[in-house]
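Engineer: Sharing a structure here in structure tokens format.
Coordinate-derived values only; no laboratory data. This is a predicted model, so every value here is computed, not measured.
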Amino acid sequence: MATNLRLVPYTQDQVFAVLSDPERYAGWVVGATKTRTIDPEWPQPGSRFAHQQGAGPLHIDDITVVRELEAPNRIVLEAKIRPLLTAQVTFTLDPLSRGTLITMDEVPIGGPVSRLGRLLEGPLHVRNSRALRRLEGQLADVEAAERP
């Protein structure tokens, strides 16, 4: 399991709004290139969105499914990049006086890449650290767009 923490100067509701918006997924998830379709029930448990992962001409089309939801405190996603990897990604949002502490836990649960076990922890930690920095950038963009 790879666990990353990041304190951001935004409210829990602001963070949850960006995390639960599949249209913003490609803007902060490392390797994601676009969102293709979104279930109308999103982000209710069992709902999904289709996305594309990859770079250049190499890409994989797959889905991410909501497994658990306790808005705005926690969302558990099952991200699929088949046939390579299926991962459970849990975001926990803790409101603090200076913003929100985001905890991102990623556990590989399927696919041949998941068999690498602990060897994945380092690369996942680096990737998810970058993803949380990009998420903070998305939050700044949203806040700037909402200013009069």
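Engineer: Among rounded, prolate and oblate, which fits the chain when a ≥ b ≥ c are the square roots of the eigenvalues of its C-alpha gyration tensor, a/c under 1.5 means rounded, and a/b larger than b/c means prolate?
Structural biologist: Prolate is the answer for the chain, as a/c is 1.5 or above and a/b outweighs b/c.
Engineer: On to the next question. Given 5 Å bins starting at zero, what is the percent of C-alpha pairs of region 68-125 in each, up to the one with the largest pair distance?
Structural biologist: The distribution over region 68-125 is 4, 18, 22, 21, 14, 11, 6, 2, 0, given as percents.
Engineer: Would you please state the base-10 log of I(q)/I(0) at q = 0.13, 0.30 1/Å for region 29-84, with intensities from the Debye formula using one equal scatterer on every alpha carbon?
Structural biologist: Evaluating at q = 0.13, 0.30 Å⁻¹ gives log10 I(q)/I(0) of -0.34, -1.19.
Engineer: Between Ile63 and Arg115, 0.36 nm times their residue separation minus their Cα-Cα distance comes to what?
Structural biologist: 16.7 nm is the gain from fully extending Ile63 to Arg115.
Engineer: Further, regarding this structure: I need to check one value: relative contact order of the chain, counting alpha carbon pairs closer than 8 Å and at least 6 residues apart, in percent.
Structural biologist: Averaging sequence separation for qualifying contacts and normalising by length gives 28 percent for the chain.
Engineer: Give the value in nm², to one decimal: projected area of the alpha carbon convex hull of region 52-93, averaged over all directions.
Structural biologist: That works out to 3.4 nm², a quarter of the Cα hull's surface.
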